[in-house]
Amino acid sequence: MKERNVDIVINARTASTRITNKLLRPFCDTNLISIALDRLSQLEDYNCYLAVADEELLNLYNEKYRYKTDIKLLFRKPEAVTKGLNDYKIAWEHYTRVESSHIMCMNPCLPFVNKETYVKAIEYFLENQHLKTLTSVKSSENLYFCDNKIINAPEDGSVRT
């Protein structure tokens, strides 16, 4: 059996449909993408990547992380990060340039997940060879607001996370 290994990728874009530019908006004296990249830089035992197409995110990486971490860039085509459903061959093309057997996607919108949680998830996955994938979703009954509008239960009845 081929040895399994895991690399970590943050897929980042500025074209959020519900909260415009949410990764770069002020959050706790920083922003969500910087918190995620700081967390990613703590995972030195893994190959770590930032997958971007947006100039603003690329500029932030170049200013703050390019020479201070081992986080590598994965360039994405602009059409891979446009609003709506995109052809998977375009949206996921950057994964073909990651050489590990498996990829963990780190969600940059989860600023309170600590390093140990990511490490434990990877270790659990690697120790349990029968697992082909590992996914975690925690349901929530909370409503989230932006500009006095509920953003995760819109009036059109569409599902939101």
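Observations, loosely collected:
- Acute angle (nearest 10 degrees) that the helix 32-41 long axis makes with the longest principal axis of the chain, alpha-carbon atoms: 10
- About the centre of its Cα atoms, the range 29-83 shows a dipole size close to 160 debye [charges on the beta carbon of Lys, Arg (+1) and Asp, Glu (-1) only; nearest 20 debye].
- Volume per residue of the convex hull around the Cα atoms, evaluated for the range 19-82, comes out as 91 Å³.
- Ranking of Cys105, Cys146 by solvent-accessible surface, largest first: Cys105, Cys146 (1.4 Å probe, protein heavy atoms only, all chains present).
- Here the dipole of the chain is about 180 debye; that uses its Cα centre as origin and unit charges on the Cβ of Lys and Arg (positive) and Asp and Glu (negative).
- Rounded to the nearest whole angstrom, the semi-axes of the ellipsoid equivalent to the chain, taken from the Cα gyration tensor as √(5λ), stand at 26, 20, 17, largest first.
- Estimated 222 nm signal from helices in the chain, with DSSP H stretches of n ≥ 4 weighted -39500 (n - 2.57), rounded to 500: -6500 deg cm²/dmol
- Computed with a 1.4 Å probe over protein heavy atoms only, the accessible surface of the chain comes to 70 Å² per residue.
- Computed over protein heavy atoms with a 1.4 Å probe, the carbon and sulfur contribution to the accessible area of the chain reaches 51%.
The values are calculated or read from the model by the stated rules, or taken from the named source; none is laboratory data. This structure is a prediction, so every number in the text was calculated from the model and none was measured. In this analysis, Cβ positions are derived from the backbone assuming ideal geometry, glycine residues included, and neighbour counts consider all displayed protein chains. The protein model used for the area step is the full one, side chains on, heavy atoms only, and it has no ligands, DNA or RNA in it. Shrake-Rupley method; radii C 1.70, N 1.55, O 1.52, S 1.80 Å.
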